[in-house]
Amino acid sequence: MGITTAIRDTLLLCLVVLLFGLGSAVAADTAAETIRLWPGDAPGALGTADHDIPVVAWWPATGAKQPTAAMVVCPGGGYGGLADHEGSDYARWLNSQGISAFVLRYRLGSKGYRHPVMLGDVSRAMRLVRADHARLGIDPARVGVMGSSAGGHLAITLLTHGDDGDQAAADPIDRQPSRPALGVLCYPVVSMLSANTHAGSRRNLLGDNPSDDLAQELSGELAVTDSTPPVFLWHTVEDKGVKLTGVLDLAAALDRNGRPFELHVYEKRPHGIGLGTRPYDPAKLHPWTVECRRWLAERGFAGE
């Protein structure tokens with residue numbers, strides 16, 4: 001009886017360690033709250049349906065030491081939809097690393113919106129998270145952006161076009177910086193140049209005949225400067241949906257400008273794999289998550 005009790009207690013202790021670790025978080029099953037980016041109609045709103053109302057779904061890293069780092073997550077979908085496995089599943093993974101997540105529902109080209117509406121939505125999300133950091137339990141200096149496919153393009157655009165906020169703005173949220181501390185880009189659409197873009201994303205973002213100047217402005221490989229935040233970047237050779245060339249061009253631009261980055265190119269797996277497992281299963285994650293977790297920890301984001 002004594003041996004059985006000891007074994008039981010040992011197993012329970014191991015389970016607690018596995019679940020909670022050294023200050024790590026447990027991934028939640030659902031978002032804690034959905035937060036509108038603007039209290040009234042969003043600038044440029046075309047209606048009042050859900051798709052006209054940009055929001056973030058807040059996934060707090062419960063069990064992590066506060067204040068936590070945070071990521072604004074931009075799901076992919078060609079600027080025509082929003083892929084849930086690149087949103088809520090990423091949030092669950094981030095939570096397991098002690099990072100709070102804010103999954104962005106930005107407005108879409110398929111619903112009649114065009115640039116700069118999408119950039120306005122992700123910029124507002126970044127500002128809102130920082131403005132409300134005390135209630136949300138996050139560190140405003142440690143807020144990054146994460147995106148996949150077209151959501152990766154939106155993340156690149158924020159990384160290269162983010163600002164320090166407008167200190168004269170009447171709205172205190174608009175006084176906050178929109179520039180992220182870092183970015184995680186998963187098989188991102190990089191370029192809007194016709195020879196090297198994803199045609200559907202370009203059309204949904206810019207319309208049928210954008211000017212050359214606008215296409216160049218929103219091509220990440222041309223927009224990198226010596227102040228672009230650090231970037232973790234990964235792609236696969238087998239991805240036929242988004243060209244590897246754009247990702248390599250982006251890495252080369254980061255290198256030319258002396259910006260910190262890490263690039264991983266995997267041979268196998270098609271476009272849109274997300275974490276590599278659906279439904280979410282922490283035991284079957286793609287190796288990029290291991291490398292990304294290390295990279296984030298080196299920058300004080302993961303491993304709280």
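Values in this text are rule-based calculations from the coordinates and carry no lab data. Please read all numbers here as calculations on a predicted model, not as lab measurements. Please note: Cβ atoms are built from the backbone with ideal geometry, for glycine as well, and neighbour counts cover all protein chains shown.
Here Lys65 is the anchor, and the lysines within straight C-alpha reach of less than 29 Å, apart from those fewer than 8 places off in the same chain, are Lys284. Looking at the chain, do any whole DSSP H helices span at least 20 angstrom along their long axis by alpha carbon and average 1.6 or above on Kyte-Doolittle, and which? Those that clear 20 Å and a mean of 1.6 are 2-20.
At an R0 of 35 angstrom, the distance between the Cβ atoms of His51 and Val237 translates into a FRET efficiency of 0.50. Identify which of His286, His198, His85 has the largest mean-square fluctuation in a Gaussian network model of the chain, with springs joining Cα atoms closer than 10 Å. Of His286, His198, His85, the most mobile in the Gaussian network model is His286. A dipole drawn for the chain from +1 and -1 charges on Cβ atoms has a positive end, and of Ser148, Gly109, Trp59 the residue lying farthest that way is Trp59.
For the chain, the dipole from Cβ point charges (+1 on Lys and Arg, -1 on Asp and Glu) about the Cα centre works out to 500 debye, to the nearest 20. Can you tell which of Ala45, Leu296, Ala170 lies farthest toward the positive end of the dipole of the chain, using +1 and -1 charges on the Cβ of basic and acidic side chains (Lys, Arg; Asp, Glu)? Ranked along the dipole, the leading option is Leu296. Under a Gaussian network description of the chain, with springs only between Cα atoms under 10 Å, the residue in Ala125, Ala223, Ala169 that fluctuates furthest is Ala169.
Using R0 = 30 Å, the C-beta based FRET efficiency linking Thr277 and Ala297 works out to 0.85.
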